[in-house]
Amino acid sequence: MEEQILKVQTVGEYAARLHVSPDRLSEAVREATGHPAGELIRQRQLLEARRLLAHTTRSVSEIAYALNFQDPAYFSRFFRRLTGQSPGEFREDFLAKHPL
């Protein structure tokens, strides 16, 4: 999953790469981790987004496209829904707490 995070976003895409059905992959992931596969994918995307926001000067749009989001506005909504902050707010808070 780690090397694919910038290329694929859905359980179906991961399942196709692994030559299993989405249902089988979801079942296996839930059995192994106790969490739905989609949740793990979203959390890994969020982790990478936070890393890029905190440690690069890339714009929010550049980060959205790097993470394979087709629409930066959708990426911003995705980020806010999971963190309660916009990507810009997250970056500002991070830099205030960890000045260069």
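The values are calculated or read from the model by the stated rules, or taken from the named source; none is laboratory data. Note that this is a predicted model, so its numbers are computed, not measured. Backbone-built Cβ (ideal geometry, glycine too); neighbour counts: all protein chains shown.
Tabulated data for the structure shown
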quantity	calculated
Only listed residue being in contact with a helix residue (DSSP H, G or I) (Cβ under 7 Å, 6 or more places away or on another chain) and among the aliphatic types (A, V, I, L, M), chosen from 47, 40	40
Segments classed as helices (runs of 4 or more DSSP H), wholly inside segment 1-95, with at least 2 members that are within 11 Å of the chain's Cα centre (by Cα) and loosely packed, with under 13 Cβ neighbours inside 10 Å	37-55
Residue among 83, 10, 57 that alone is β-branched (Val, Ile, Thr), modelled with pLDDT of 95 or more and out of contact with any helix residue (DSSP H, G or I) (no Cβ under 7 Å at 6 or more places or on another chain)	57
